[in-house]
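Just so it is clear, none of the values below were taken in a lab; they were calculated from the coordinates. Model, not experiment: these values are computed from the prediction. Note that each Cβ is placed from the backbone with ideal geometry, even for glycine, and that neighbours are counted across all protein chains shown.
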Amino acid sequence: MSERIMVLEGDGIGPEVVGCAIRALEALNDAYGLGLEFVKYDVGARSISQGGEWTVEGVIEEARKFRAILKGPMGDPGIRNRQGTEGGLDLILALRFSLDLYANVRPVRLLPGVSSPPSGTSAGQTA
């Protein structure tokens, strides 16, 4: 059975970061037969600047069809959407609030014997 993943590459470094993530997921997919299928959507500030036609409501409607979304960094202060705000930010907020992703939590844990930027903490502690 196929597991479709919505892909929103985003702006700036987003396409590069998301591309690397997809390559890693494809390697896992090939090795373990996970049945992953990546469906890319061209949205974000870059898309706005290139005349892309999408609406926040349309993207949210599409997002509800997926169990997973791979989203890169999005937004560009130099690009404005129709409402005059920074391009891409309206979509980020809409995704978070419409899909109950408000926390934007990135799980982190320290591993014994591995040096870590949060100096003075050890495994089991939070920075």
Exercise for the section: List every residue pair whose Cβ atoms sit under 8 Å apart, with the two residues 6 or more apart in sequence or on different chains, where the first one lies in region 39-64 and is closer than 15 Å to ARG82 by Cβ and the second, anywhere, is outside any strand (DSSP E or B) and of a type in the set (Ser, Thr, Tyr). Expected result: TRP54/SER47
Practice task
Within region 65-77, track down each residue that is farther than 19 Å from GLU3 by Cα and touching a residue at least 24 places away in the same chain (Cβ under 8 Å).
Solution key: GLY72, PRO73, MET74, GLY75, ASP76
Handout entry: Among residues of region 72-90, those that are in a strand (DSSP E or B) and out of contact with any Pro (no Cβ under 9 Å at 6 or more places or on another chain), counted
Key = 5
Handout entry: Residue in region 1-42 that is farthest from LYS71 (Cα to Cα), counting only those that are β-branched (Val, Ile, Thr) and touching a Gly at 6+ places or on another chain (Cβ under 7 Å)
Key = VAL17
Exercise for the section: Say whether the condition of being farther than 17 Å from VAL18 by Cα, touching a Lys or Arg at 6+ places or on another chain (Cβ under 8 Å), free of Cβ contacts under 8 Å to residues at least 24 places away in the same chain and loosely packed, with under 12 Cβ neighbours inside 10 Å is met by at least one residue in region 88-103. Expected result: yes
